[in-house]
Structures are given as C-alpha cells and as structure tokens.
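A short reminder: the numbers here are calculations on the coordinates, not readings from a lab. Every value quoted in this text rests on a predicted model; they were computed, and no experiment measured them. Cβ sites come from the backbone with ideal geometry, for glycine too, and all protein chains shown count toward neighbours.
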Amino acid sequence: MKSKIIVALDFASENHLISFVDRVDPELCGLKIGKELFTALGPRPVEMLVKKGFSVFLDLKYHDIPNTVERACAAARDLGVWMVNVHALGGAEMIQAARSGLGNAPNRSLLTAVTILTSMDAAGLRTIGFNLEPVEMVKRLACLAQKSGADGVVCSANEAKELNILFGENFIKVTPGIRPSGSPTDDQKRIMTPSEAMEQGADYLVIGRPITQAQDPVSVLTSVMRDIDTVSYTHLTLPTICSV
Ligand code: C5P
C-alpha cells in the first residue's frame, strides 16, 4: 500500500460508508473495516472496497481457538483483504494457525497481531491482572507474534521506536491512537500526533474519528498527509529475530 494512512470506517450505515468512500481514492488511503461495520453490514462492503482497488484492513481482532481462527483467516483471505489481524493474547498456536489460514500466495493478506489496545494504560492493565507497563507487555506480545509468523503488530506509536530496535524495520507497526493536535482524544489513552508517530517509526497510521467525524474529512486527510510528508525516520538497527 502506498499511503501511510488507514482510515477506520467505524460506521454502521451503508449511506455513511458510501458517502465517505465516494470522496477518497485508493492512492489517498487504505480503509479499515472493524467490528461495527462488519457486524452491521457483513462482508459485502469489504468486497465492494476491494473491487474499487482499496487496500482493506479487516480489523476483526480474532481471538479464539486455533482452528476457528485459521478458518476465519482463510475466509478473510478469500475476500481479498490486504491485512487481517488477531489478538496476540490468543497465543503462539493461534497466531501460527492464523498465518497458515492465509496461505502462501505471492500477494497473500498480511497478518498483524494486536498487542495492547491503545485505549488501555497501565492502570487498565492492572485491572485485568497484568502488572507490567504497557510497553513491556507490548514487547513480549510482539516477540510472540514475530516468532509465530505474524508480519507485524498493532501497537501504540509510543512503542514503535523500541519495536524497530528489537525486531527490525521489516516488522510492520500499525498504530491506532493517532490524534492530530487539537483533536479530542475520545476513548484513546496512548496517543500521538501523526508526525510524532512517523518520527517514532510507525509504518501505518490508523485514524478514525478525527477524519470521519470532521466537517470536511478529505481536507483533514490531506492535511495529515502533508504533515507526515515532511517527516523522516532513521531506523537504528535491523535485527530480524526478536530478543525479548
Ligand atoms: O476513531 P479512532 O481514531 O480512535 O479509531 C481507532 C480505530 O483503531 C478503531 O477502529 C479501533 O477499533 C482501532 N484500534 C484501536 N486500538 C487498537 C487496535 C485497533 O484503536 N489497539
């Protein structure tokens, strides 16, 4: 995918979806379909967007027994999605099964693993029994994901630089929790601006509400593109095997 921006299409209505999609083109951004849109409208919008030439990130964050996840990933592959994801907390066997469901065709769908949701902070992690800082959890889960065959992770841009040092630049970092300065944070906790995220070495920025709920979504999108165009990131080291 050429663009660094993935717009989160968190809508439940086809009208909303169509009116947004009619204003953008595949050169401008990738599109993310998550649980809201998929539950409301099913796989048809995925097929429609793939047909229009968009890189579609199917963000259903699978977390189930390995066999179920493998078959779900195979179904996602058949829809022609560019990227699909699982929760790294599902463990090594589940991630390996997901990877196997995607097959080995030259242009196969990419697999990313969600580490820790960007809406969680250290206090939130403690409430579910994890006493590590988010960055430490993210490093562990990213290591597990890499060893299990994932192409990358979904993480906060706060962790991208450290992950680049540990796992190399070829391990994809997809970063939600992006807020252009002045935008409301909503329910996100580990956030960064688009240019800060690029400076940290994020590969793709997932942006939802700041674009989709703007009066003029395309002008916000193009202004983010202008901002990040001027940012350069120097990768520090290039290991390929994790060492956490
Ligand atoms: O509107 P906003 O920019 O907060 O949207 C972020 C999108 O990224 C949502 O669709 C959310 O489901 C997704 N996401 C996230 N944090 C993750 C993984 C995915 O916010 N760790």
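Quick rundown of the values:
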{"read-out": "The chain: calculated mean residue ellipticity at 222 nm from DSSP helix runs of at least 4, using -39500 (n - 2.57)", "value": "-11500 deg cm²/dmol"}
{"read-out": "Translational diffusion of segment 3-80, µm² s⁻¹ [Kirkwood Rh, Cα pairs; Stokes-Einstein; 25 °C; 0.890 mPa s]", "value": "189 µm²/s"}
{"read-out": "Hits among lysines - C-alpha to C-alpha of Lys52 under 30 Å, sequence gap 8 or more where chains match", "value": "Lys2, Lys4, Lys32, Lys35, Lys61, Lys173"}
{"read-out": "Whole-number Å³ per residue for the convex hull built on Cα positions in segment 73-139", "value": "100 Å³"}
{"read-out": "Kirkwood hydrodynamic radius over Cα pairs of segment 38-116, then Stokes diffusion coefficient at 20 °C and 1.002 mPa s, in µm²/s", "value": "172 µm²/s"}
{"read-out": "Neighbour-limited loop hits for GluC sites (Glu not before Pro), segment 27-64 (at most 15 other Cβ within 10 Å; DSSP other than H, G, I, E, B)", "value": "Glu27"}
{"read-out": "Interatomic Cα distance distribution for segment 1-136, bins of 5 angstrom, percent", "value": "2, 10, 18, 20, 18, 15, 10, 5, 1, 0"}
{"read-out": "Amide H partners (placed H, <5 Å) of Val114, local residues excluded", "value": "Val86, His87, Ala88, Val154"}
{"read-out": "Using distinct alpha-carbon pairs, which all enter the 1/r mean, Kirkwood radius of segment 95-227 in Å", "value": "15.7 Å"}
{"read-out": "Rg/Rh ratio calculated on Cα atoms of segment 69-112 (Kirkwood radius)", "value": "0.93"}
{"read-out": "Chain lengthening between Ser181 and Ala123 when straightened (0.36 nm per residue, less Cα-Cα)", "value": "18.4 nm"}
{"read-out": "Amide proton proximity set for Lys61, modelled H, under 5 Å, gap of 5+", "value": "Asn85"}
{"read-out": "Ranking of Glu169, Glu133 by count of other Cβ atoms within 10 Å, fewest first", "value": "Glu133, Glu169"}
{"read-out": "Spherically averaged projected area in nm², based on the convex hull that wraps the Cα atoms of the chain", "value": "12.5 nm²"}
